[in-house]
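Colleague: Just dropping this structure here.
The values are calculated or read from the model by the stated rules, or taken from the named source; none is laboratory data. Predicted, not measured: the structure shown is a model, and the values here were computed from it. Cβ atoms come from the backbone with ideal geometry, glycine included; neighbour counts cover every protein chain shown. Accessible surface areas use protein heavy atoms only, side chains included; no ligands, DNA or RNA. Shrake-Rupley method; radii C 1.70, N 1.55, O 1.52, S 1.80 Å.
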Amino acid sequence: MDDLEKWPEIEKAAAGKRRELVLQGPPVDERISSDGGLSPAIYTLTLLNYLEVSQCPSLTEIHEDIQQLTNLQSLILCRNKLASVPDVVGNLKSLKVLDLSVNNLGVLPKGICELKELNTLNVSCNNLETLPEGLIQCTKLSNINISKNRITGFPSDFYSEKLDLLSTLVASDNNIDQLSGGVLKLTALKVLDLSNNKLSEIPSELGDCSKLKEINFKGNKLSDKRLEKMVNGCQTKSILDYLRAKGRDGGDADKGRMADKGKRQQRKKKEKVADEQDEMEELNKMVVRVLHLTDAPETLTVRVSAEVKDVRPYLVCCMVRGMILKPGNSLKRFLVAQTKLHDDLCGRRTIATIATHDAQLLRAPLTYDVKVPTQLKITSLGRKEMSAVELIRHLQLEADELRKHKKRQNVTGLHKYLQILQGKSLYPCLVDAEGHVISFPPITNSEKTKIKKTTKELFLEVTSATSLQTCKDIMDALIVKMAELNKFTAEHKDEAGSDGEGDGPQESVASSETSSELIVQQVRTVDQEGNLKVVYPSKTDLSKDLSNVTVIW
């Protein structure tokens, strides 16, 4: 218990069955230094799917007990002084993101090659000289960053069709002296950075990597001085065209001149069609950009009281900018989509509840709290201010009338979510800095923060009594739906129409609103002492089956 008292973050994560834990900075580093490492209790948090321990120079090793955290999807151990990582990291079979950047690693554990779900590997800024053989077993790898090490080359089995999802390879600032023509086998490669290495040649096969959009070979002393000049000043397409031509004409010049022109033209035509298809595919994707807490000029934090644990304990929030609500029926479509999510994914609010607010009308800081029903007062949507008791009585009468009118024997959707609070002595609510209740889940949110056509920034909340992951999944679905609606509005800007809200003349999408990109700003929820409970979105969010959405972190 003494150890847990010294590590309150671990104690609270255990007590609250949390799935995310972040330990970083000088206060944590001091405890690591005095204890000779991390508290062993951290390895008992088997529910964790996100663990970050960063900016702790006293952390030089990770215990083998890390293998007990089998639910981890993201392991962030950056900006420490790790000299080694245990081979048992390969037992973390659910791991998707592994960040070991900015440490003192001289070698990577072979166990990394056992991580079949691994999507992102960042080992930049270490002392690595080689990469382990067998990385091709990590067939879901999409992003690899090995920059700023001492690596001399890639493993012999690295160039393989098995890595058919690898789209980004950053290997700048190393000692790599050769790039094999086998790079052609990395069929999904879009970004390749080998700047500031010791390359003298660039293989002509690179010109046939059809999906390459961005390459960087600056800082290499190439034997082909014309190519070196192009590398230092030209765009990717020019370099690839040069390499492609060099590959065709290299070796026997006479054979090159006698090559079948028809085949060349046919090949060019196929490449052009493939490029156009790729461009259309990228254009058709919806774009969601995540604004990190450290990049935001002002960050919003929601404090959660301990009393909500027994009422409605789970809450996830974020801010969204770029949502187009002004033209035509765009606002109405958004509200209809929210209602559909409530009916479907949220099980008519019995599983979770969504609330949307105009962020400009919020008075921060916000607190997720509980109140006695008679003391909880809210001006709900379209009504005057009343207590929770009065509001539920009104809604109950309306639901009863609706059932009688439609001659139904079963309870309506309205009845179902009203019954969620039956027997509760305390009701959950989100309260602003002025003490106003702006949300009363799962019943209603406030007229004071109601979104309108003029809303520029939204504050989104999802609450549930089921699980934190439920909140995250529904927030993911909401953001994807918002991206779909935004794209639709941007593409149909001349089809505004009337929404019957009486807001005056309808407007088409202004030129400043033609971009359908959404910007999602992370929001932290913390406990009463300020310790992190959850940050949304994290790297494990917005990642499930989103083939039609590009998420930029």
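Colleague: Find the residue count for region 20-53, including only residues that are under 17 Å from residue 533 (Cα atoms), touching a helix residue (DSSP H, G or I) at 6+ places or on another chain (Cβ under 9 Å) and of a type outside the set (D, E, K, R).
Modeller: Of the residues in that region, 12 qualify.
Colleague: Could you please find all residues in region 422-454 being open to solvent by 30 Å² or more (accessible area, probe 1.4 Å) and polar (S, T, N, Q)? Step through it out loud before you land on a result.
Modeller: Step one: list which residues in region 422-454 are open to solvent by 30 Å² or more (accessible area, probe 1.4 Å), which gives 422-426, 433-436, 447-448, 450, 452, 454.
Residues satisfying the conditions are 422, 425, 454.
Colleague: Just to be sure I understand, how many residues within region 373-403 are assigned to a strand (DSSP E or B) and not hydrophobic (A, V, I, L, M, F, W, C)? Give the steps one after another, and end with the answer.
Modeller: First, the residues of region 373-403 that are assigned to a strand (DSSP E or B): 377-380, 385-387.
Still in the list and also not hydrophobic (A, V, I, L, M, F, W, C): 377, 379-380, 385, 387.
Residues flagged as assigned to a strand (DSSP E or B) and not hydrophobic (A, V, I, L, M, F, W, C) within region 373-403 amount to 5.
Colleague: Provide a single number: the residues in region 455-480 that are assigned to a helix (DSSP H, G or I) and surrounded by fewer than 17 Cβ atoms within 10 Å (Cβ to Cβ). Full working, then the answer.
Modeller: Initially, region 455-480 is screened for residues assigned to a helix (DSSP H, G or I), giving 468-480.
Those left that are additionally surrounded by fewer than 17 Cβ atoms within 10 Å (Cβ to Cβ): 469.
Residues meeting the conditions: 1.
Colleague: If you go through region 382-437, how many residues are modelled with pLDDT of 80 or more, within 33 Å of the chain's Cα centre (by Cα) and within 22 Å of residue 351 (Cβ to Cβ)?
Modeller: Final tally of qualifying residues: 4.
Colleague: If you go through region 88-104 one residue at a time, how many are surrounded by fewer than 17 Cβ atoms within 10 Å (Cβ to Cβ), within 18 Å of residue 123 (Cβ to Cβ) and either touching an Asp or Glu at 6+ places or on another chain (Cβ under 7 Å) or touching a residue at least 60 places away in the same chain (Cβ under 8 Å) (or both)?
Modeller: To start, the set of residues in region 88-104 that are surrounded by fewer than 17 Cβ atoms within 10 Å (Cβ to Cβ) comprises 93-94, 104.
Then keep just the ones that are within 18 Å of residue 123 (Cβ to Cβ); that gives 104.
Still in the running and either touching an Asp or Glu at 6+ places or on another chain (Cβ under 7 Å) or touching a residue at least 60 places away in the same chain (Cβ under 8 Å) (or both): none.
Residues meeting the conditions: 0.
Colleague: Mind listing whichever residues of region 180-189 are part of a loop (DSSP other than H, G, I, E, B) and either over 10 Å from residue 209 (Cα atoms) or in contact with a helix residue (DSSP H, G or I) (Cβ under 9 Å, 6 or more places away or on another chain) (or both)? Steps first, answer last, please.
Modeller: Pass one, region 180-189, residues part of a loop (DSSP other than H, G, I, E, B): 180, 186-189.
Hits for region 180-189 are 180, 189.
Colleague: Given the criterion among the polar types (S, T, N, Q) and farther than 30 Å from residue 200 by Cβ, identify the matching residue among 122, 80, 126.
Modeller: Details: 122 fails: farther than 30 Å from residue 200 by Cβ; 126 fails: farther than 30 Å from residue 200 by Cβ.
Residue meeting the stated conditions: 80.
Colleague: On to the next question. Can you tell me which residue among 66, 62 is closer than 20 Å to residue 120 by Cβ and over 25 Å from the mean Cα position of the chain (by Cα)?
Modeller: Numbers: 66 fails: over 25 Å from the mean Cα position of the chain (by Cα).
Of the residues listed, the single one that is closer than 20 Å to residue 120 by Cβ and over 25 Å from the mean Cα position of the chain (by Cα) is 62.
Colleague: For region 336-355, give me each residue that is free of Cβ contacts under 8 Å to residues at least 40 places away in the same chain and surrounded by 14 or more Cβ atoms within 10 Å (Cβ to Cβ).
Modeller: Let us first name the residues in region 336-355 that are free of Cβ contacts under 8 Å to residues at least 40 places away in the same chain, namely 336, 339-340, 342, 344, 347.
Answer for region 336-355, where residues must be free of Cβ contacts under 8 Å to residues at least 40 places away in the same chain and surrounded by 14 or more Cβ atoms within 10 Å (Cβ to Cβ): 342, 347.
Colleague: Let me ask something else about it. Against the definition (acidic (Asp, Glu), without any contact (Cβ under 8 Å) to a residue 12 or more places away in the chain and open to solvent by 10 Å² or more (accessible area, probe 1.4 Å)), how does residue 369 come out, yes or no?
Modeller: Values: acidic (Asp, Glu): yes; without any contact (Cβ under 8 Å) to a residue 12 or more places away in the chain: no; open to solvent by 10 Å² or more (accessible area, probe 1.4 Å): yes.
It is false that residue 369 is acidic (Asp, Glu), without any contact (Cβ under 8 Å) to a residue 12 or more places away in the chain and open to solvent by 10 Å² or more (accessible area, probe 1.4 Å).
Colleague: Looking at region 131-147 only, could you name the residues that are open to solvent by 40 Å² or more (accessible area, probe 1.4 Å), under 18 Å from the mean Cα position of the chain (by Cα) and not polar (S, T, N, Q)?
Modeller: Answer for region 131-147, where residues must be open to solvent by 40 Å² or more (accessible area, probe 1.4 Å), under 18 Å from the mean Cα position of the chain (by Cα) and not polar (S, T, N, Q): just 140.
Colleague: Restricted to region 152-179, and to residues that are touching a helix residue (DSSP H, G or I) at 6+ places or on another chain (Cβ under 7 Å) and among the acidic types (Asp, Glu), which residue is most open to solvent (accessible area, probe 1.4 Å)?
Modeller: So the first thing to find is which residues in region 152-179 are touching a helix residue (DSSP H, G or I) at 6+ places or on another chain (Cβ under 7 Å), and the list is 155, 157-163.
Filter once more, keeping what is among the acidic types (Asp, Glu): 157, 161.
On the way: 157: 43, 161: 111 Å².
Looking at the filtered set, the residue picked out is 161.
Colleague: Right, something else. I need a count of the residues in region 520-536 that are at negative phi and either modelled with pLDDT under 85 or in a loop (DSSP other than H, G, I, E, B) (or both). Before the answer, list the steps.
Modeller: First pass over region 520-536, keeping only residues at negative phi: 520-529, 531-536.
Now drop any that are not either modelled with pLDDT under 85 or in a loop (DSSP other than H, G, I, E, B) (or both), which leaves 527-529, 531.
Of the residues in that region, 4 qualify.
Colleague: Of all the residues that make up region 23-75, how many are of a type in the set (Val, Ile, Thr) and in contact with a Phe, Trp or Tyr (Cβ under 8 Å, 6 or more places away or on another chain)? Full working, then the answer.
Modeller: Let us first name the residues in region 23-75 that are of a type in the set (Val, Ile, Thr), namely 28, 32, 42, 44, 46, 53, 60, 62, 66, 70.
Checking which are in contact with a Phe, Trp or Tyr (Cβ under 8 Å, 6 or more places away or on another chain) leaves us with 42, 66.
Residues in region 23-75 being of a type in the set (Val, Ile, Thr) and in contact with a Phe, Trp or Tyr (Cβ under 8 Å, 6 or more places away or on another chain): 2 in total.
Colleague: Can you name the residue in region 199-240 that is under 35 Å from the mean Cα position of the chain (by Cα) and charged (D, E, K, R) and is also most open to solvent (accessible area, probe 1.4 Å) among such residues?
Modeller: 237
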